[in-house]
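The block underneath contains the structure these notes are about, expressed in structure tokens.
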Amino acid sequence: MPNLSSPKRVAVIGAGISGAVAAYVLARQDRTVVDVYDPAPGGLCRSRNIEGVDVHLFGPHVLHTNDWTVWRLFNEISPFYAMRATASILTDTGQAVPVPVNASTLMRLCGYGYRDAVRRLFFAQSTPPGADDTVASWGGRILPTRAFDMCVRGYTERMWSCDCEMVPAATLARLPIYPGRQRAYHADRFSGLPVNGWSAWFVDALRDARVFPQLLTPTDIAHAAKDYDAVVYTGRLDYLYDYCLGVLPARGFAHRVEVLRDWPWPSPIMHTPSLADGIRRTNYARLHGFGYGPHIVGIEKPSASENLVYPVLSGEALAAEYTRMLRKDYPRMYPCGRMAEYRYLGIAQCATSALHTCEKIIGKIFALP
């Protein structure tokens, strides 16, 4: 019989959303000690208070989900307030139109009346493309060509530095189509931001774990895989093996924060693919619902070398090979999160992945022989 009174030791490598959720859930289990290794807990969800505004340091991160379990978990860690983010895109003519695409978008870009715009969007997933090249196919959906070019192609191809056809369909499908005048960027049942900011949320998520602010080398990780009862790994798959098979391709972004004198646009989040210095701008005071205060703006620009957190289609075969190696070499290691699973995951999806990983670990390390 195993000694059930001895504590189980779990290492969590990386403390972004996936790692923080895993650490929180596992640390609340009886007889479990959780060690978290990350030089900067919070990852790309970190925030900082600037002039009374919680500014997301790496682009806007709004939790949105239809899963009550996920929403309840995030609020259990630290309370959220409900909000709905809105966004617009700046066209090449300087016109700001709503995104995701809705009836107002087609009315402004294509000159449709409201009923015709609603009809076209309602049947966007079933109407076959016409022979006159007035429509374009997008992830199995049909849009007028001008709407597709303005609202999808320009932003997507600058972000991913490739044709839309080379972007994974699951990524394109993240941008929905709304038949009416729905203005919220996400239509999920639950949507919100942490009351005290993301950085404070991570402090609360990790409060029952032991946090070591250090970057582990591949050798350190290999030792941890032997020393701990289980390891939750949320880092890059290729880093784990010191890039022995090659570097996994990924896209990222450079991010900077500026205080602007004016904000001439209608939405707190502006997609600006036609501007050379950045493809998205976020006014954080407006995002939090303040109708006053400084215009503290985050500006994102696509990058092939910074903050590489967007897996690309061309790397899936290499990622699968790294995953096979991990499963063979480290049976007690569980890859979890965007780059460890090499999947484009949002905040709620990262949390769901972490919850599934915790279920596996709890079932295994506390299982009787």
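The values are calculated or read from the model by the stated rules, or taken from the named source; none is laboratory data. What you are looking at is a predicted structure, and each value in this text was computed from that prediction instead of being measured. Virtual Cβ from ideal backbone geometry, glycine too; neighbours counted across all protein chains shown.
Descriptive notes on the structure:
- Restricting the stretch 75-98 to residues that are assigned to a loop (DSSP other than H, G, I, E, B) and charged (D, E, K, R), the residue that is farthest from TRP265 (Cα to Cα): ARG84
- Selection status of LEU206, buried (at least 18 other Cβ atoms within 10 Å of the Cβ), closer than 30 Å to ALA11 by Cα, at pLDDT 85 or above and out of contact with any His (no Cβ under 8 Å at 6 or more places or on another chain): yes
- Selected residue (only one of PRO331, PRO369, PRO302 is surrounded by fewer than 21 Cβ atoms within 10 Å (Cβ to Cβ), more than 27 Å from GLU76 (Cα to Cα), at pLDDT 95 or above and not charged (D, E, K, R)): PRO331
- Just one of the numbered conditions (1) touching a residue at least 40 places away in the same chain (Cβ under 8 Å); (2) within 18 Å of PRO100 (Cα to Cα); (3) not in a loop (DSSP other than H, G, I, E, B) is not true of ILE221: (2).
- Residue pairs whose Cβ atoms lie under 7 Å apart, separated by 6 or more positions or on different chains, with the first residue in the stretch 172-195 and among the acidic types (Asp, Glu) and the second modelled with pLDDT of 85 or more, are ASP188/HIS64; ASP188/THR65; ASP188/ASN66.
- One residue from LEU287, LEU248 being touching a helix residue (DSSP H, G or I) at 6+ places or on another chain (Cβ under 6 Å) and surrounded by 19 or more Cβ atoms within 10 Å (Cβ to Cβ): LEU248
- Hits in the stretch 349-361 (condition: surrounded by fewer than 20 Cβ atoms within 10 Å (Cβ to Cβ) and touching a residue at least 12 places away in the same chain (Cβ under 8 Å)): THR352, LEU355, LYS360
- Of the helices (runs of 4 or more DSSP H) entirely within the stretch 267-369, those holding at least 2 residues that are more than 19 Å from the chain's Cα centre (by Cα) and within 30 Å of ASP163 (Cβ to Cβ) occupy 316-329.
- In a residue-by-residue description of the stretch 238-254, the property of being among the charged types (D, E, K, R) and either farther than 28 Å from ASN66 by Cβ or part of a loop (DSSP other than H, G, I, E, B) (or both) applies to at least one position.
- Residue within the stretch 35-51 that is over 24 Å from the mean Cα position of the chain (by Cα), farther than 29 Å from ILE296 by Cα, at pLDDT 95 or above and outside the structural domain of LEU260 (by TED's automatic domain parsing) present: yes
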